[in-house]
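See structure below.
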Amino acid sequence: MALYKEIVTKAIVGKGKKYFKNNYSIEAKEATNVLGCWVINHKFKGYKSGDKIGVDGSYDVNIWYSYDNDSKTTVVNKKIEYNDLFNVKVRENADLNGDTDIIVRTLKQPNCSKVNIENGTIYFDIEKELGVEIVGETKMKIAIEEDEEPWDEIDDEVTEEIEQEIENNIDENYINENKSTD
């Protein structure tokens, strides 16, 4: 009959991902064509907010455009800050009131997916996907056996023939002979 013991350990008790697509704008009165859009310096941090998980983050958007009948270019930049909330499903018997760690990963880095110019304003869409893991204490049950397995006897295979050979090779005067030569 197996007995059970509970082990308390840290494990992932909740996990989820979320896709975001946000629209932004930046004023550029002289812009005629957008030549490129880059998203850099993405930083973020997760935290617990009641029964939800929050992620505070920011990134910089750099938009390269031409102006003056496409004879000159410049770059305009904008720092975008965000605060996103997640409803992460927590596994059964997980206690979020205790000591938990929030791990946030970018599954898809922020990326400019669409950009256009209308009336001196550049409109652009940024897509990103974030994954959140909640690491907390959980219990596991494992089966144990109380009875220790018996030890196996190790028998040397000594036969009468081997014992007889040992007896015949014993020199009882060995110690006395070695003392006289020293």
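Coordinate-derived values only; no laboratory data. Predicted model, so just to flag it, every value in this text is computed and none were measured. Cβ sites come from the backbone with ideal geometry, for glycine too, and all protein chains shown count toward neighbours.
Shape summary of the chain, radius of gyration then Dmax from alpha carbon positions: 37.3, 118 Å.
Straight-line reach from K139: taking Cα to Cα under 17 Å and skipping same-chain neighbours fewer than 8 places apart, the lysines in range are K5, K10.
With the charge dipole of the chain set up from +1 on Lys and Arg Cβ and -1 on Asp and Glu Cβ about the Cα centre, the Cα lying farthest toward the positive end among the listed residues I170, N23, I53 is that of N23. When peptides 66-76, 37-47, 151-161 are sorted by average Cβ neighbour count within 10 Å, with the highest value leading, the order is 37-47, 66-76, 151-161.
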